[in-house]
Amino acid sequence: MRTALVRTQFIEAMGCPGKLTADVLPPYPRTTDEWPVRPGTEVKAICFRWERPHTDPDNWAGLMLISCEIQENGKQTMPSAMAAIEHVSKDDREARIIQKFKDLAKEVRRAHAKKITSLDVGTVQDAKGAGSEGHKGEGNITVKKEEFTEAKKSMRQSRQKGVSL
């Protein structure tokens, strides 16, 4: 099966604007959010819980919908993949879809981690506290990169143990 077909089907199913990058992949809506729809249709877009594995019930349902879309409509979506669609097994098709999900989830996690580490770990303005000379609002708090990294590690370990902060 062609990788391009799997990519195209993910783009279409999630209603992404022609590419699959972390900045355009839709997050899973909160219960209070309105569910996104595919552009130009009334059909609900498929959304994934990127922080969870592919076996999560919500993720698995979305992946199986993409698999069915490829089987049923892949020939119309990409006529050049017709032979591959007819000859590939269901297990192989699902394996490729799962791998694509894992690659995308990894990209989302990497982008999220990059966003967190891009915070200014040098000097943070202390708007509420007193400065080094006692002048309110003029002080700086210096955070060493090692302390920031250690705090991040501690938070990750707490989350893994189920401790909420």
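For this structure, a couple of remarks:
- Residue in segment 75-90 that is closer than 16 Å to V108 by Cβ, part of a helix (DSSP H, G or I) and of a type outside the set (D, E) present: no
- Filtered by the rule that a residue be open to solvent by 30 Å² or more (accessible area, probe 1.4 Å) and either under 15 Å from the mean Cα position of the chain (by Cα) or of a type in the set (V, I, T) (or both), segment 23-34 gives D23, V24, P27, Y28, R30, T31, T32.
- Among residues of segment 78-107, those that are touching a residue at least 40 places away in the same chain (Cβ under 8 Å), among the polar types (S, T, N, Q) and closer than 22 Å to E51 by Cβ, counted: 0
- Some residue of segment 50-60 being at pLDDT below 90, open to solvent by less than 60 Å² (accessible area, probe 1.4 Å) and in a loop (DSSP other than H, G, I, E, B): no
The values are calculated or read from the model by the stated rules, or taken from the named source; none is laboratory data. As the structure is a prediction and not an experimental result, all values here were calculated from the model. Glycine also receives a Cβ, built like all others from the backbone with ideal geometry; neighbour counts cover every protein chain displayed. To get the accessible areas, we keep the full protein, side chains included, count just its heavy atoms, and leave off ligands, DNA and RNA. Shrake-Rupley method; radii C 1.70, N 1.55, O 1.52, S 1.80 Å.
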